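The values are calculated or read from the model by the stated rules, or taken from the named source; none is laboratory data. This one's a predicted model, so the numbers in the text were calculated from it and none came from an experiment. Here the Cβ positions follow ideal geometry from the backbone for every residue, glycine too, while neighbour counts run over all protein chains shown. SASA here: full protein model, heavy atoms, side chains in, ligands and nucleic acids out. Shrake-Rupley method; radii C 1.70, N 1.55, O 1.52, S 1.80 Å.
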Amino acid sequence: MKKYIGTKEVEAIPMTLGEFINKSGRNPYENDGKMHGNNEKGYLVKYKDGYESWSPAEPFEEAYKCADTFLDRLHIEMRDLYEKMDKLSPFIESGKIDEIVTDKYQNYLLRLQHRIMSRYINVLECRIGR
């Protein structure tokens, strides 16, 4: 199977499963045969087309980050960039780059990308600090 990365913007508010059932009249687990407590923590999720559903807290919080303010969005951008740098920096610093990226121009471009990403992190840190 191929891998996919999805990005979508939703609105959400914390809501237990029981609260969602009372509000919507729908139980998302009605037919799964498993026991789910009404106090299970989660979120009422509203999509762009207006459809509303309920999501358990753990998968919701793994998939979505609060982006309500400009500062929230900067933090998300910086966390994403740090995750990429946490993979790229050891690859370059270990010397493996020279074993794996043998094309000199591609090697140069990857090193340049690393330097630019590092500077970009500095810019984001300055913007967040203000």
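For the reader, a short list of remarks on this structure follows.
- Note, ³J(HN,Hα) from phi for the range 35-48, Karplus 6.51, -1.76, 1.60, rounded to Hz, x at Gly and Pro: 8, 10, x, 5, 8, 4, 7, x, 9, 7, 10, 10, 8, 4
- With DNA, RNA and ligands ignored, accessible area of residue 66 (1.4 Å probe; Å², nearest 10): 90
- Nonpolar atom fraction for the chain, defined as the carbon and sulfur part of the 1.4 Å probe accessible area, stands at 52 percent.
- Normalised by 2.2 N^0.38 Å, with N the number of residues, the alpha-carbon radius of gyration of the range 33-96 equals 1.68.
- Cβ-derived FRET efficiency at R0 30 Å, residue 22 paired with residue 118, nearest 0.05: 0.05
- Taking amide H positions as modeled 1.01 Å from N, with prolines and chain starts lacking one, the residues under 5 Å from residue 54 and 5 or more places away or on another chain are 45.
- Contact order normalised by residue count of the chain, Cα under 8 Å, 6+ apart, percent: 18
- The chain, helix-only ellipticity at 222 nm - DSSP H runs n ≥ 4, -39,500 (n - 2.57), divided by all residues, nearest 500: -17500 deg cm²/dmol
- GNM result for the chain, Cα springs below 10 Å: residue of 31, 22, 107 fluctuating most strongly: 31
- Proportion of all alpha-carbon pairs of the chain beyond 17 Å (%): 71
- Spatially close Lys pairs in the chain, defined by Cα atoms under 19 Å apart and a spacing of eight or more places or different chains, total 14.
- Separation of the residue 86 and residue 9 label points, Cα + 7 Å toward Cβ, nm: 2.7
- Stokes-Einstein D for the range 69-130, Kirkwood Rh over Cα pairs, 4 °C, 1.567 mPa s (µm²/s): 102
- In this structure the chain gives 81 Å² per residue of accessible area when probed at 1.4 Å with all protein chains present.
- Bins of 5 Å from zero: percent of alpha-carbon pairs in the range 1-47: 5, 18, 22, 20, 13, 14, 7, 2
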